[in-house]
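Remarks on the structure that follows.
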Protein chains: 2
Amino acid sequence: MDIKFSDRANGLKASAIRELLKLTEMPEVISFAGGLPAPELFPVEKVKEIFSEVMEKEGTSALQYGPTEGYRPLREIVAKQRMSTAQMDLTADDILITTGSQQGLEFSAKLFLNKGDVVICESPSYLGAINAFAAYEPKFIEVEMDDEGIIISELEKALKENPNAKMIYTIPDFQNPTGKTMPDDRRKRIAELAAEYKIPVIEDNPYGELIFEGTVHPAIKSYDKEGWVVFLGTFSKIFAPGMRLGWVCASPKILDKYIIIKQGADLQSSSLDQRIAAAFMQKYDLNDHILKIREVYGKRRNLMLECMDKYFPAEVKHTNPYGGLFAWVELRDDLDAAKIMEECIKENVAYVPGEPFFPTSGRKNFFRVNYSCMPDDKIIEGVKRIGKVLNKYYEK
Amino acid sequence: MDIKFSDRANGLKASAIRELLKLTEMPEVISFAGGLPAPELFPVEKVKEIFSEVMEKEGTSALQYGPTEGYRPLREIVAKQRMSTAQMDLTADDILITTGSQQGLEFSAKLFLNKGDVVICESPSYLGAINAFAAYEPKFIEVEMDDEGIIISELEKALKENPNAKMIYTIPDFQNPTGKTMPDDRRKRIAELAAEYKIPVIEDNPYGELIFEGTVHPAIKSYDKEGWVVFLGTFSKIFAPGMRLGWVCASPKILDKYIIIKQGADLQSSSLDQRIAAAFMQKYDLNDHILKIREVYGKRRNLMLECMDKYFPAEVKHTNPYGGLFAWVELRDDLDAAKIMEECIKENVAYVPGEPFFPTSGRKNFFRVNYSCMPDDKIIEGVKRIGKVLNKYYEK
C-alpha cells in the first residue's frame, strides 16, 4: 500500500517530548520530562460547583454550537483580567479563544509562512512550536540568547541577513526550555524592530503570570504601536490544561484572519469549557489561585536548584528561572544528553534531552528539567539519581 | 501597515454560512440557514449528573493534560458502540479523538494535499470542508450526483482524467447540502475504486445514524479491505456539538500521521469533555437518545417537505432526504438564490444560497434548508414566507 502523503506530512515527526512521556509513565520513574501543572492545585471542588450553576442557567447553550471567536464573556474576561496584568488595555473584540495556545502557534504558521520562508526564533526554542511550524516547511534561523533572553544585536543581525523572514517567534517570560526572561527594555526594542522591519512577532506567553519574584512584566505587545505583535495566551498553566483554552490577541486585520483559520480548523472551542472557565472567573478571583501556584512552584524551583547545586558535578551549569516551570542544564560540550538519558532511565529518572529544541543547530549537551508537578522528596531523589549518572562523566 | 500573509491566507474567505448566521440571529428571523441540532433534545440533566460523578471520581485527571490520541475509554466507546452501527468491528487503537469532525477535515487536507493537487468531491459538497481544504490550495473536481448520490461512472471518469487526484471527499449519508444518500452498492464500489486508483477516500459521516427509515447504512469504510478509507465521525449531531468531540478512524499507517498532526494542532481535545462524553455513554445507551432525535427530526422533515410542496411554486424541486438535517431546493436555471435571499431576509426568513457549495461550478439556482432545530409553527410560517417570495419569480 503506497500512500501519497503531502510533502509536509512526509516530513512530520512525532514530538520527542510526547513520545518520551510515554516511556516515563511508569510509576517508578521520577520524571522531570513533562511540563504538567501540579494537579493537586486544580480547583476541582470549585469547578464542580460552577458547572452545576452553568448547566442550571444555560445548559442548552453550553451544549450547542457557539461563535467561532469564542464565548463573549470569556473574551471579555481575557481582555480585562488577564491582558491587563501584562499592561494592556483591551476589549473582547481583540481576543479569539483557541483550543489551547498550541492552536495559536499552528495558526500563526498557517497565516504567515509560505514554504521556504524564514522563522526567526530563540536558540533554543519551544519544541511544540518548532514542530507546529515545521509542517509549513519554513527555514529556521536561531538567535543566540544570554541570561536575559534573546540578544538584541543578534536579532537585528538576523533580520538584516534574512529579508525573507516572515515571523519572529519568542517566549519572553520564563522561556521554554531555558526558563530565561527578557528585561523590559528588550521587549520594547523587539516591538520597535517589528515595526521597523515590518515583520510580525509571535509572542508566546504561557508562563508570564507565574512569576516568583516581583510583578508580571509588560508584554512585548504592550509596546506595540502599529499592531505587529500577536500575543498568545493560555489558561493551561494558570487554571487547567485539560479544558484546552487559550487565546490569540492581535490587531483587527490580523485577528480577522486568525478567526477565518479557526473556522476551518475546528469551528470553535468547546462551548462547555468556555462557559465553565468564564463562570469560574466571574465568581472567583483567578489572581488568588495564581498566587497559590506561584508559591508552590517557587518553593519547588528553590529546592530543584539547590539539589542540582548539591548533587550535580560542579562544572554543570543551570539557569536560575524566577518563574515558570522549567530550568535548563548545560553539560560539557562533548557530552550527549540523549545518550546520558538512557542511563538515567535505568535509574528510573527522566528529563528532556535538549537537541530537539534547537531546530537547526541540534546542540546535544543540554537538557530541560521541570519542577512544577513533583513533590519535594521526588525532586530530591530524582536530582540525586541524575547527579549519580552525571558524576561518572565528570570524574577525573 | 503592509502585512505579508502566506499565499494560502490571502485566499481565505470567511465561511458564507457563519457570516449569514450572524445576519439571521435576530429573534424575528425564522432561519433555515444554520445546521444546529435541536437544543431541546440535549440531555442537560443527565450531563449535569454525569459531570458531578466525573469530578468526584477523577476530577484532577479531567482538568489535566491527557494523551494526544484521546481518552482511551472514549476511543473504545467510539469503536465498539458507534462504528459498529456502520458495520465495522474495531478497537480503540483505530480511533483518534478530534475537536469536532471539522478538525478531521482540516487534518485530511494537511495530510494529503500539496498545492495544486486535485480533490474529487460531490457537486455540490459541504461548504465547511471546501473552505478547510481550500487553505491548502488544491484544485477541486466536482462529480455529478443523481438522487442516489455521486454517480459512479462520473467518479471513474474523474479518476481517469486526474492522475494527480490525491483525495476523494464524500458524505455518503444525508449529504450536506443535498440530503442525498448512497445505496450500499455505490459504497462498495467507491471502496474498490479507492484501492484500484490508490487514492484515499475521506468519508465524512456526521449524519449516518440520524436515519428516519430503515437501519444505518454500512460505511464505505466497512468495504475497505486495504485501508484507503478514512472515516470521520462526530458526536455533534447525536449528542452535543458544544463539546466539540469528533473522531478519525483510519488504518494504522494513516492514523499515525493524523495523530502527529493533532499534536501540532492542539495537543489533544478537552480532557473534561472527553470524560463527560465517555461517562455518559458508559451509563446511558446513546442509541435511546438517537431514537428520540430521529423521531423529532423525522417529523420536522415531513412537515418541511409538505410545506414546500404546498407553498412553493410547483416547478420548484426539492430532495426527499430520509435522514439528517437538510433538504436541497432547486430553482429555475435563470434564478439566483442569493439575490432572492435578500428579499427573504426582508420577510424575516433565511436559507443558505447554494453557490458556495459548488467549489468550481458556482451554480446559483439552489438553496439549502435545515429542518432540525425549528418548532412546527415556524417551519410552516418560514416556508410560507419563502414561498411568497418565490411565487413572484414563477408568476406567468
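Figures for the structure shown
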read-out	value
The listed residue being part of a helix (DSSP H, G or I) and within 27 Å of B:PHE231 (Cα to Cα), out of B:PHE51, B:PHE107	B:PHE107
Test set (1) more than 20 Å from A:ALA9 (Cα to Cα); (2) at pLDDT below 95; (3) of a type in the set (A, V, I, L, M, F, W, C) - A:LEU127 fails condition number	(1)
Members of the range A:41-75 found to be touching a Ser or Thr at 6+ places or on another chain (Cβ under 9 Å) and without any contact (Cβ under 8 Å) to a residue 12 or more places away in the chain, listed by number	A:VAL44, A:LYS48, A:SER52
Breaking point among (1) closer than 21 Å to A:VAL118 by Cβ; (2) part of a loop (DSSP other than H, G, I, E, B); (3) among the aliphatic types (A, V, I, L, M), for A:MET182	(1)
Subset of the range A:118-151 that is in contact (Cβ under 8 Å) with a residue 40 or more places away in the chain, surrounded by fewer than 20 Cβ atoms within 10 Å (Cβ to Cβ) and outside any strand (DSSP E or B) - its residue that is nearest to the other protein chains (Cβ to nearest Cβ)	A:ALA134
Residues satisfying the stated conditions in the range B:25-69, i.e. at the interface with chain A (Cβ under 9 Å from one of its Cβ atoms), more than 28 Å from A:LYS237 (Cβ to Cβ) and of a type in the set (Asp, Glu)	B:GLU40, B:GLU45
Conditions (1) touching a Ser or Thr at 6+ places or on another chain (Cβ under 9 Å); (2) assigned to a helix (DSSP H, G or I): number failed by B:LYS310	(1)
Residue that is surrounded by the fewest Cβ atoms within 10 Å (Cβ to Cβ), among those in the range B:71-117 that are of a type in the set (Asp, Glu) and within 12 Å of another protein chain (Cβ to nearest Cβ)	B:ASP117
Residue identified as touching a helix residue (DSSP H, G or I) at 6+ places or on another chain (Cβ under 8 Å), exposed (fewer than 15 other Cβ atoms within 10 Å of the Cβ), under 30 Å from A:ALA134 (Cα atoms) and in the same structural domain as A:PRO27 (by TED's automatic domain parsing) among A:ARG368, A:ARG332	A:ARG332
A:ASP93 being in a loop (DSSP other than H, G, I, E, B), over 30 Å from B:TYR258 (Cβ atoms) and not aliphatic (A, V, I, L, M)	no
Condition met for A:PRO177 (surrounded by fewer than 24 Cβ atoms within 10 Å (Cβ to Cβ) and either outside the structural domain of A:ASN370 (by TED's automatic domain parsing) or at pLDDT 95 or above (or both))	no
Output for the range A:356-375, where each listed residue is on the phi < 0 side of the Ramachandran plot and touching an Asp or Glu at 6+ places or on another chain (Cβ under 8 Å)	A:PHE358, A:PRO359, A:THR360, A:SER361, A:ARG363, A:LYS364, A:ASN365, A:PHE366
Residue identified as within 21 Å of A:ASP117 (Cα to Cα) and either assigned by TED's automatic domain parsing to the domain that holds A:TYR136 or modelled with pLDDT under 95 (or both) among A:TYR223, A:TYR197	A:TYR197
Index of the failed condition, B:LEU305 passing every other in (1) assigned to a loop (DSSP other than H, G, I, E, B); (2) out of contact with any helix residue (DSSP H, G or I) (no Cβ under 9 Å at 6 or more places or on another chain)	(1)
Which listed residue, of A:LYS262, A:LYS257, is within 7 Å of chain B (Cβ to nearest Cβ), over 23 Å from A:ARG294 (Cβ atoms) and in a helix (DSSP H, G or I)	A:LYS257
Residue identified as in the same structural domain as A:SER251 (by TED's automatic domain parsing) and not in a helix (DSSP H, G or I) among A:ILE190, A:ILE168	A:ILE168
Residue in the range B:205-228 that is in contact (Cβ under 8 Å) with a residue 60 or more places away in the chain, at negative phi, within 11 Å of another protein chain (Cβ to nearest Cβ) and outside any helix (DSSP H, G or I) present	no
Residue tally, condition in contact with a strand residue (DSSP E or B) (Cβ under 9 Å, 6 or more places away or on another chain) and among the acidic types (Asp, Glu), over the range A:70-104	2
Candidate set: the range B:233-249, residues that are more than 14 Å from the chain's Cα centre (by Cα) and more than 8 Å from chain A (Cβ to nearest Cβ); chosen: the one farthest from B:LYS110 (Cα to Cα)	B:PHE239
Condition broken by B:VAL296, with the remaining ones in (1) in a strand (DSSP E or B); (2) more than 14 Å from chain A (Cβ to nearest Cβ) satisfied	(1)
Scan of the range B:278-293 for residues that are assigned to a helix (DSSP H, G or I) and farther than 17 Å from B:PRO39 by Cα, ordered by number	B:ALA278, B:ALA279, B:PHE280, B:MET281, B:GLN282, B:LYS283, B:ASN287
In the range B:152-181, the residues that are of a type in the set (S, T, N, Q) and touching a residue at least 24 places away in the same chain (Cβ under 8 Å)	B:ASN162, B:ASN164, B:THR170, B:GLN175, B:ASN176, B:THR178, B:THR181
Selected residue (criterion: nearest to B:LEU286 (Cα to Cα)) from residues of the range B:183-218 that are touching an Asp or Glu at 6+ places or on another chain (Cβ under 6 Å) and hydrophobic (A, V, I, L, M, F, W, C)	B:VAL216
Unmet criterion (only one of (1) outside any helix (DSSP H, G or I); (2) crowded, with 16+ Cβ neighbours inside 10 Å) for A:ASN320	(2)
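To keep it simple, each residue is scored yes or no on (1) under 16 Å from the mean Cα position of the chain (by Cα); (2) crowded, with 24+ Cβ neighbours inside 10 Å; (3) more than 29 Å from B:ALA134 (Cα to Cα).
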residue: A:GLU203; (1), (2), (3): yes, yes, no
residue: A:PRO218; (1), (2), (3): no, no, yes
residue: A:PHE231; (1), (2), (3): yes, yes, no
residue: A:SER251; (1), (2), (3): no, no, no
residue: A:LEU255; (1), (2), (3): no, no, no
residue: A:LYS283; (1), (2), (3): no, no, yes
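The values are calculated or read from the model by the stated rules, or taken from the named source; none is laboratory data. These numbers come from a predicted model, not from an experiment. All Cβ positions, even for glycine, are placed from backbone atoms using ideal geometry, and neighbour counts span all protein chains on display.
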